[in-house]
1. On the basis of being surrounded by fewer than 24 Cβ atoms within 10 Å (Cβ to Cβ) and either facing chain B (nearest Cβ under 8 Å) or within 30 Å of B:VAL43 (Cα to Cα) (or both), does A:ALA8 make the cut?
2. Being of a type in the set (A, V, I, L, M, F, W, C) and either more than 14 Å from chain B (Cβ to nearest Cβ) or within 29 Å of A:PRO72 (Cα to Cα) (or both) is the requirement here; does A:ALA226 meet it?
3. Please pick out the residue among A:ALA120, A:ALA156 that is at pLDDT 95 or above, within 13 Å of another protein chain (Cβ to nearest Cβ) and more than 20 Å from A:SER197 (Cα to Cα).
4. Restricting attention to the stretch B:385-409, which residues are part of a loop (DSSP other than H, G, I, E, B) and of a type in the set (Ser, Thr, Tyr)?
5. Given the options A:PRO169, A:PRO189, A:PRO209, name the one that is of a type outside the set (A, V, I, L, M, F, W, C) and closer than 25 Å to A:VAL271 by Cβ.
6. Residue by residue through the stretch A:95-107, note down the ones that are assigned to a loop (DSSP other than H, G, I, E, B) and more than 7 Å from chain B (Cβ to nearest Cβ).
7. Since A:LEU92 meets every condition but one in (1) more than 8 Å from chain B (Cβ to nearest Cβ); (2) surrounded by fewer than 20 Cβ atoms within 10 Å (Cβ to Cβ); (3) in contact with a helix residue (DSSP H, G or I) (Cβ under 6 Å, 6 or more places away or on another chain); (4) of a type in the set (A, V, I, L, M), which condition does it not meet?
8. Condition check: basic (Lys, Arg), surrounded by 20 or more Cβ atoms within 10 Å (Cβ to Cβ) and at pLDDT 90 or above. Does A:ARG83 satisfy that?
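The values are calculated or read from the model by the stated rules, or taken from the named source; none is laboratory data. Just so we're clear, the structure is a prediction, and the values are computed from it rather than from any experiment. Note that we place each Cβ from the backbone using ideal geometry, even for glycine, and neighbour counts take in every protein chain shown.
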Amino acid sequence: MTLNVRTAAVRAEGLSRRYGATRALDDVSLTLDRGITGLLGPNGAGKTTLLSILATVNEPDAGQVSVFGLDPRDAAERPEIRRRLGYLPQELGYHRHFTVAGFLDYVAILKEITDRRRRAEEVARVLAALGLERRARTRIRALSGGLRQRLGIAQALLGRPDLLILDEPTAGLDPEQRLRFRELLSGLPGDPVIVLSTHQADDIAAICPHVVVLLQGQVHFTGTPAELAATAAGRVWAACERDARAHLSWRGGDNRWRHIGDNPPAGAELVAPTVEDGYLLLSHAAGAR
Amino acid sequence: MTTTDGGPALPGADVPTRARDHGGGVAAARAPRLRTVLALGRVEASLLARSLLVLAGLLAGGAVVWWSLGPAEPLWWNADWRIGSGQLVLGMAVLAAAQLAAGRAPRNAMGDLYASFPATAGTRTLAHLFSLVGAAPASLLLIAAATALVQLRGPIGAPSIVALAGGVLLVIAAGAAGVAIGARFPHPLAGVLGALVLFLSSGQSHLPWAAGAWLYPWASFSDQFPVLPGPLAGYPPAAAHAVELAGLAALAGIVALAVTVRGARARGWLAAAGIVAVAVTCLAGAVQLRPIPTADLNHLVSEVADPASAQRCTTASQVRYCLYPGFGRQLPSLEAPVDGVLAHLPARPAQPLTVRQVATLSLPDATLTHGHPNRQVSRWDARVQRAPGMNGAAPASAIYLPVGSWPAAGSQLADAHFDLALAAAGWAVRIPPQAIGTPGGQVFLPCVPLGQAREAIAIWLAILATHPPPSGLQAGLGTGTGIFGTEVRNTFVRTWNYPGMFDSYLMPPGGGPQYTAAGYLLAHAMTNLPEQKVSHVLTDAWGKWLNWHTTDAQLAAALGIRMPSVSTRVTLPSGKTVTPGPGNGPQAPLCTT
């Protein structure tokens, strides 16, 4: 792990945010550089709040954010950040009476792509990228949930953003679509900064070179997926019986129990940890505190 | 602080702005805000123009214009304002549609996404305001359709561009109000309520409507445009009202921007613009409240009280037609039925006939005379009360046509032609046209040419002159379960209501004699005879037939036909038949001159 403060694309320092008595973020600091960063955390961990702050939609109660060296609090610099941003909020409604292409065209204008020809090219490009060409003239109200999610991702990709913030982008996608999505993100040209939040540890393992685990409004881990998995090394066992002493136990597809804990169950076999194991162990530890 | 692996630094990541090629980032190609406003405005304008709400508003507005113009005389100084009433309905729809558009993002849970775009809320609001040009085609279409309707009917006067433009401004102002409402209240009900307020602000029953009526977005009250003999400057104060509407539109736009724009400097500009808009609106309001100049009202009252001083008279076939300036194109429509009667007349009366327009101005009227002393208004009122036709009567040699009541086309025009022909025939056979006062002097009743030969002759002449559809004539007899009647000398007399009798085509409305069912039936029988035969009988003893003592039975006998019988029996819903007896109502006088 190297410290790369001077040239970090996105830097957050000491971010805190409260909603009434609830502390959504508590002194969060992190830096993001090009490539894909996965943000893991349970519901209520503060992922959405953090992403909305990075997307200049929300303001922190305390702390600072710098995006490409620009300060979102500065009214003059904020639009410049937004010109380089693609954002998919967690819960996105749609203008249901718009067609797919019409909606993307509309969003493209909001992203200041005002030249008609260029806008048409952009819309065609993202439609193709998300496999929505045949749905271009379909009204949004006629789309399934998965197609709408793809449309949400498509709008975020408009304008080839330098910073792509995707809040749970794989929610609602079927396995095939998730695979395609991973492929899409991995193949985006221009090496943008991508940060995505998800519950799916396998998504993180598959496409994210960097992982940040956010628990109870605090950053508990930052590193590679391998490093996250490694945090559970020597503490994951497979056994035929459930062990009550384990921190976490669940039955796997092979009908064997997988245990995460400090003590090996009787007759258990030590297995290689996964990203999910590491994440679960961190969650458990944070909960125990 | 935590860190992530950085890898090679993002090229130029620490450079706030930089030029990029197309492949490197389209978003970074910064479009001027104005271009975003125009592009977004174009899309929103297209959505607004294709909105079902606006389409419905256009249809409803068209229906209002159609209904309010009705079959009446197409006077442009009346039509101008009626078209605006249609624009008010369209404006309500545009308000609701604009509110829906402006509140679309928060209503569809897209507030967070929109907040991440470089186009700010202020830019979007500006685009929504710009998009109101999308409502202009609907407004202009309404004007075009209404204009075509008026033009097709043979318009009197010329359209007021300012009054018509006021209608367009009304639609734009309503749309701007919709944007302002939508920017703050995205719920669809807010737009509906806004449209309702706009509608109620233009009603008449619940609002004071003296001079201040002009300050409402579009006053839809019982004005006197349709009875004016010509346009009256300042009634309505169209130019000032258009300025007021423009001021209100600007004010609504400023409020919409104030809700969405951030930044002290922008708000400062908005405050300054708001002050200017308020000042312009108030100034326009003050101008509208100015009284109509005394000289103009004096002129109007003179035109009404003494039509001859203003009218131009034309003589055709020895009949004088006296019309207000601008109404000359109606002359052929008036001449046709009168000439039709004259063509079948054996001899003319000694007194020549004059067909004259009269204006039925009603005073006092606060929207007309506001700002003038009561004494002055009373003097005007006294003069107007002495105007021809205002006492409910017309001289025997004159037929009065109220301004604004002569239909332009359709069955109403046919009825009006018949009414005029019947009035001319009444003059020809010397049936007194005026109503006769009762002993109390409060009620005027038309006289009844009961059993008189001249009654059937008058009706026969009118039928020959205009050839009305027989069904319309027959309907005037009533049916077996409902007949018309009056009392003459304590006897129930079945009457005949001719087509258009109560439609005020002539002055006084329904004036002239009350014709009887027997008279009509004899006239109808006469139409079945060879015209030459009837003419011969009439010509032989024209003076005799005009005598009120000569009976219809004598005429029937001279023509060699049986006098038609008239039943006065009525079948009640129970199936029982009864004959109405004498009641306690006023007795209709017999036409005895």
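1. no
2. So A:ALA226 fails the test.
3. Exactly one of A:ALA120, A:ALA156 is at pLDDT 95 or above, within 13 Å of another protein chain (Cβ to nearest Cβ) and more than 20 Å from A:SER197 (Cα to Cα), namely A:ALA120.
4. If the condition is that a residue be part of a loop (DSSP other than H, G, I, E, B) and of a type in the set (Ser, Thr, Tyr), then B:SER397, B:SER405 are the ones that fit.
5. A:PRO209
6. Residues satisfying the conditions are A:ARG96, A:HIS97, A:PHE98.
7. (1)
8. It is true that A:ARG83 is basic (Lys, Arg), surrounded by 20 or more Cβ atoms within 10 Å (Cβ to Cβ) and at pLDDT 90 or above.
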